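Written out below as structure tokens is the structure these notes cover.
The values are calculated or read from the model by the stated rules, or taken from the named source; none is laboratory data. If you're wondering where the values come from, they're calculated on a predicted model, not measured in any experiment. Please note: Cβ atoms are built from the backbone with ideal geometry, for glycine as well, and neighbour counts cover all protein chains shown.
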Amino acid sequence: MTEFDLIDIIRARCAATRADVRLGIGDDAAVLVPPPGHDLVVSTDTLIAGVHFPMTTGIRDLGWKSLAVNLSDLAAMGATPAWALLALTLPAADRSFVEEFSDGFAELAAQYSVALVGGDTTQGPLTVTVVVHGFVAANSALRRDGARVGDGVYVTGALGDAAAGLGCLDANAVRMSECSYTPEVRAHLIARLMRPTPRVAAGMALRGRASACIDVSDGLLADLGHIAACSGVGIEVDAATLPASSALLALFDGDERIALQASGGDDYELAFTMPSTHAENMQGDIARIGCGATRIGRVVAEPGVRLIDASGAQIVLRQPGWQHFA
């Protein structure tokens, strides 16, 4: 197969019609029409085989996740998704791989009316890079630098499932091999790793309410650290309030569960800060969206991020989250 054969497969499976796409796949560049009165929000992520996803990852799941992690970034900005670019590096021109990957990508793209408008294919180690574009009304994007002392700290959904799911796939994870868990629990945890749900609707609901927001990709404490640093504040997180799924509660107690929730990463939930005046209405709106939001702490003056136990003592974890160059 040639590069252009692969492009034809991707185009056939990922085609989506949007009025704001003047020229999409097939030319040297796309021609796109942003809506008047809106800011353009752009993000990109690269996934490398064996680094950002296990080599055993299902191909269709990889297509889904490569888009999901980027849509999560748009969600953290409160943006409405619109367009995507895909750069796919493959060891060989594999028709079956591209078909399955494209189907997974297109499945999620259809849920958010995302049009794939271009990209690149090349030969090399398996690597996926996606660029996404979205819109917010001018000057209304959520940011990391607005947290203020006294704000509450919240997180959507549940934490720790994806890290536990990775343990389910790791033959060397002794703790997981000792667990007695049902096929349903295992499937739930792995699905949270392989097919995260970008919290796009929640991000939109937070516009004009949240003082700062970030998606939880590298680990809750690590990502909250970015909000704290950008805002010039500190954050205290109450360990006992971290939301957990029934699957995670069934497998882990105490310190092990807290470590997964606070530093495991790959959850792609939204962590955000908010003044109390907006909290009640926000809780109702996020509940109606279906993911819910839990208050897990507070913004304080002392710099840094601290995980606190029920007695008020700080819990120190070996590593607060994923470090790309560690």
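The table below gives the values:
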| item | result |
| --- | --- |
| Selected residue (only one of Ala137, Ala115 is small (Gly, Ala, Ser) and buried (at least 17 other Cβ atoms within 10 Å of the Cβ)) | Ala115 |
| Criterion: in contact (Cβ under 8 Å) with a residue 60 or more places away in the chain, surrounded by fewer than 23 Cβ atoms within 10 Å (Cβ to Cβ) and small (Gly, Ala, Ser) - qualifying residue of Ala239, Ala212 | Ala239 |
| Where a residue in segment 1-20 is farther than 13 Å from Ala92 by Cα and in the same structural domain as Pro81 (by TED's automatic domain parsing) and its partner, wherever it lies, is outside any loop (DSSP other than H, G, I, E, B) and of a type in the set (Lys, Arg), with Cβ under 7 Å and at least six apart | Ile9/Arg95 |
| Given (1) surrounded by fewer than 20 Cβ atoms within 10 Å (Cβ to Cβ); (2) farther than 19 Å from Leu193 by Cα, index of the condition Ala79 fails | (1) |
| Matching residues, segment 287-303, being at pLDDT 95 or above and outside any loop (DSSP other than H, G, I, E, B) | Ala293, Thr294, Arg295, Ile296, Gly297, Arg298, Val299, Val300 |
| Candidates Asp161, Asp170, filtered to the one that is more than 16 Å from the chain's Cα centre (by Cα), charged (D, E, K, R) and over 30 Å from Ala138 (Cβ atoms) | Asp170 |
| Residue ID - farthest from Val299 (Cα to Cα), chosen from residues in segment 226-242 that are touching a Gly at 6+ places or on another chain (Cβ under 8 Å) and not hydroxyl-bearing (Ser, Thr, Tyr) | Leu242 |
| Extreme residue, farthest from Gly157 (Cα to Cα), among residues of segment 241-257 that are at pLDDT 95 or above and in contact with a strand residue (DSSP E or B) (Cβ under 9 Å, 6 or more places away or on another chain) | Thr241 |
| Set Gly254, Gly297: member being buried (at least 16 other Cβ atoms within 10 Å of the Cβ) and out of contact with any Phe, Trp or Tyr (no Cβ under 7 Å at 6 or more places or on another chain) | Gly297 |
| Selection count where residues are in a helix (DSSP H, G or I) and either in contact (Cβ under 8 Å) with a residue 40 or more places away in the chain or at positive phi (or both), scope segment 60-117 | 31 |
| Leading residue by the ranking (modelled with the lowest pLDDT) among those in segment 21-53 that are surrounded by 15 or more Cβ atoms within 10 Å (Cβ to Cβ) and in a loop (DSSP other than H, G, I, E, B) | His52 |
| Residue within segment 128-145 that is in a loop (DSSP other than H, G, I, E, B) and either among the aromatic types (Phe, Trp, Tyr) or touching a Phe, Trp or Tyr at 6+ places or on another chain (Cβ under 8 Å) (or both) present | yes |
